[in-house]
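S.K.: Dumping the structure here so I can ask a few things about it.
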Amino acid sequence: MKADGSNPEQVTFDEYNDWFPHFLPDGKWIVYLSFPKEIDPSTHPFYQKVYLRLMPASGGVPKNISYLYGGQGTINVPSWSPDSKKIAFVTNTKL
C-alpha cells in the first residue's frame with residue numbers, strides 16, 4: 001500500500017491467516033506470522049501455534065522460518081536488525 005494507507009494490495013495467497021508483515025530494511029523480503037484458518041484473526045490471538053514465515057517482497061513461495069507459540073505481540077513492531085541479518089520475535093516455545 002501507499003504510505004498513506006491507500007491502495008492496499010494482497011501479497012499472500014495461501015490457506016492461512018497471514019498477519020503482521022515486516023519488510024527487511026532493504027525492502028527485498030517480508031517476514032510475517034501465519035495462523036491456521038480456524039483461529040479467528042479478529043480476536044487478536046495470542047499463545048497460538050503459528051508459523052513465522054519469510055517471502056520475497058515481489059511475491060512467491062514463503063519459507064517457514066520457525067514454528068512457535070505466539071501471536072499478538074510476537075512481531076508487532078519492526079523487528080529486523082539494520083543489516084537485515086537477524087530478526088527479533090517473542091515466543092513461548094523453547095527453541
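Rule-based calculations on the coordinates, nothing more; no lab input. None of these values were measured; they are calculated from a predicted model. Glycine gets a Cβ as well: all are built from the backbone with ideal geometry, and neighbour counts include every protein chain shown.
S.K.: With a cap of 15 neighbouring Cβ atoms within 10 Å, and only residues DSSP puts in a loop, list the trypsin sites (Lys or Arg not before Pro) found in the chain.
M.R.: Sparse-neighbourhood loop trypsin sites (Lys or Arg not before Pro): Lys2, Lys28, Lys37, Lys85, Lys86, Lys94.
S.K.: Let me ask something else. Give the Kirkwood hydrodynamic radius (Å, one decimal) of the chain, defined as one over the mean of 1/r across all pairs of different Cα atoms.
M.R.: Radius from the Kirkwood sum: 13.9 Å.
S.K.: Each label point is 7 Å from the Cα along the Cα-to-Cβ direction; what then is the distance between the points at Glu9 and Ser58, in nm?
M.R.: Calculated label separation equals 1.3 nm.
S.K.: Just how large is the dipole of the chain about the Cα centre, in debye to the nearest 20, putting +1 at every Lys and Arg Cβ and -1 at every Asp and Glu Cβ?
M.R.: Here the chain has a charge dipole of around 380 debye.
S.K.: Within 10 Å of each candidate Cβ there may be at most 15 other Cβ atoms; applying that plus a DSSP loop requirement, which chymotrypsin sites (Phe, Trp or Tyr not before Pro) in the stretch 1-93 survive?
M.R.: For chymotrypsin sites (Phe, Trp or Tyr not before Pro) across the stretch 1-93 that sit outside H, G, I, E and B with at most 15 neighbouring Cβ atoms in 10 Å, the list reads Phe13, Phe46, Tyr47.
S.K.: What percent antiparallel are the DSSP beta bridges of the chain, to the nearest 5?
M.R.: 100 percent
S.K.: A further question on this structure: Can you pull the one-decimal nm distance between simple spin-label points at Lys37 and Lys85, each 7 Å off the Cα toward Cβ?
M.R.: 4.1 nm
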